[in-house]
Amino acid sequence: MTSQLDAVARQALAAYGLDGAPLVFIRHSDSVAFRVEAPGSDGYLLRLHIPITPAMGSHGADGVMVRSELQWLEALNDDTDLVLQRPIRNRDDELVTTVPVGAGALHCSLLRWLPGEAYDSERQTEDTARQIGRILATLHRHASEWRPPPDWRRPARDAAYFEAVLWALRPAVEDGRIARDDYVELAKAVAQLVERIRELPRHPDVYGVMHADAHKGNMLLDGGEVRLIDFSFCATGNYMFDLGVCLSDMSPALHGTFVEGYRGVRPLPEGWAELAEGFFLGAMVGTFSFWVPRPEAHEHLAAMVPRIVQEYVLKHNRGEPFWPYA
């Protein structure tokens with residue numbers, strides 16, 4: 001933690017009446033995150049919206065996009081029974097605190113700390129899978145009914161996004177980290193997905209704001225209850241994108257139970273399974289594009305691409321399902 005970031009963090013805390021509160025650095029990913037200790041409570045999560053790499057997107061530098069994330073999260077807290085991180089408004093009743101830094105400014109936000117343990121593969125059960133299905137269905141039901149403010153804006157997981165992340169793989173193809181044959185198969189899968197997206201309706205029942213990063217790393221387990229956290233990548237798109245990401249990080253033996261949980265809250269659209277698988281592959285291309293410019297991820301990229309192509313992409317391109325519920 002540099003002295004400049006420390007100074008920005010403390011200036012931001014003052015806007016919430018937390019002057020001098022102890023700060024504990026957590027990590028730097030899509031933002032610089034600190035735990036804020038506060039007597040009589042679980043504390044807070046302070047975020048300085050500086051992505052560690054441009055590949056994580058530019059929305060952190062856009063105050064409207066940061067505020068839009070928090071507006072949805074605030075509405076979810078108010079309108080559903082989900083236990084979520086709650087955004088804290090500053091003394092000016094704003095969700096985003098802007099701190100001057102040199103000739104520019106840095107956007108900051110504060111959330112209530114949500115207690116819980118990391119949710120990992122060993123903690124997966126039929127009960128947790130069912131809970132996760134209900135959680136995502138509750139998010140999607142809320143999104144289908146919620147009407148965002150006029151200036152609300154978040155990134156989109158649309159045809160243009162998937163075409164862009166596929167194009168971003170080209171440097172790794174040119175230098176040999178991604179085999180050309182593997183790239184061709186990935187391109188086929190993305191082309192199918194893009195064609196399908198352009199045919200899909202944008203009705204609120206199937207299209208709206210979604211979490212867009214619902215893997216185990218963004219879940220906590222608190223007394224047997226699953227809690228979904230980190231809405232910083234929330235985006236607009238077809239809700240089956242959420243299922244593609246979520247199911248890819250869940251034991252296939254639990255997929256059926258997840259589906260039961262989801263359907264207990266809202267129905268799934270016709271053809272949902274094939275679509276979720278296509279979105280999973282599109283999301284993986286997005287992940288690969290994030291790794292391409294990062295030297296520390298080069299070996300991982302070279303190992304993961306052929307694995308994903310062999311285990312999933314080839315089947316999908318032949319029209320074969322690769323998850324057991326399909």
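Tabulated values for the structure
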read-out: Sole residue being free of Cβ contacts under 8 Å to residues at least 24 places away in the same chain, in the same structural domain as Tyr312 (by TED's automatic domain parsing) and within 23 Å of Leu314 (Cβ to Cβ), chosen from Val184, Val190, Val194; value: Val184
read-out: Residue satisfying condition, being in contact with a helix residue (DSSP H, G or I) (Cβ under 9 Å, 6 or more places away or on another chain), at pLDDT 95 or above, under 18 Å from Asp81 (Cα atoms) and polar (S, T, N, Q), within set Gln131, Gln124; value: Gln131
read-out: Checking Asn77 against (1) modelled with pLDDT of 95 or more; (2) in a strand (DSSP E or B), the condition it does not meet; value: (2)
read-out: Among the residues listed as Val99, Val36, the single one being among the β-branched types (Val, Ile, Thr), farther than 17 Å from Ser232 by Cα and modelled with pLDDT under 95; value: Val99
read-out: Matching residues in the range 1-53 - criterion: being part of a loop (DSSP other than H, G, I, E, B) and free of Cβ contacts under 8 Å to residues at least 12 places away in the same chain; value: Thr2, Asp19, Gly20, Pro39, Gly40
read-out: Matching entry among Glu277, Glu311, Glu299 (being surrounded by fewer than 16 Cβ atoms within 10 Å (Cβ to Cβ), assigned to a helix (DSSP H, G or I) and modelled with pLDDT of 95 or more); value: Glu311
read-out: Evaluation of Pro171 against (1) surrounded by fewer than 22 Cβ atoms within 10 Å (Cβ to Cβ); (2) under 21 Å from the mean Cα position of the chain (by Cα); (3) over 29 Å from Leu45 (Cα atoms); (4) touching a residue at least 12 places away in the same chain (Cβ under 8 Å) (one fails), failing number; value: (2)
read-out: Among the residues listed as Pro306, Pro295, the single one being in contact with a helix residue (DSSP H, G or I) (Cβ under 9 Å, 6 or more places away or on another chain) and more than 30 Å from Gly116 (Cα to Cα); value: Pro306
read-out: Leading residue by the ranking (farthest from Leu111 (Cα to Cα)) among those in the range 186-212 that are crowded, with 21+ Cβ neighbours inside 10 Å and out of contact with any Gly (no Cβ under 9 Å at 6 or more places or on another chain); value: Leu186
read-out: Selection count where residues are within 23 Å of Ile229 (Cα to Cα) and either outside any loop (DSSP other than H, G, I, E, B) or free of Cβ contacts under 8 Å to residues at least 12 places away in the same chain (or both), scope the range 99-123; value: 12
read-out: The listed residue being within 17 Å of the chain's Cα centre (by Cα) and among the basic types (Lys, Arg), out of Arg112, Arg67, Arg89; value: Arg67
read-out: Test result for Ala179, surrounded by 14 or more Cβ atoms within 10 Å (Cβ to Cβ), more than 20 Å from Ala303 (Cα to Cα) and of a type in the set (A, V, I, L, M); value: no
read-out: Criterion: at pLDDT 95 or above and either out of contact with any helix residue (DSSP H, G or I) (no Cβ under 7 Å at 6 or more places or on another chain) or at positive phi (or both) - qualifying residue of Val190, Val206, Val194; value: Val206
read-out: Those residues of the range 156-176 which are touching a Phe, Trp or Tyr at 6+ places or on another chain (Cβ under 9 Å), farther than 25 Å from Ile197 by Cα and not small (Gly, Ala, Ser), in sequence order; value: Val173
read-out: Residue ID - farthest from Ala214 (Cα to Cα), chosen from residues in the range 261-274 that are in contact with a helix residue (DSSP H, G or I) (Cβ under 6 Å, 6 or more places away or on another chain) and in a helix (DSSP H, G or I); value: Trp272
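The values are calculated or read from the model by the stated rules, or taken from the named source; none is laboratory data. Since we're looking at a predicted model, the values are computed, not measured. Cβ: placed from backbone, ideal geometry, glycine included. Neighbour counts: every protein chain shown.
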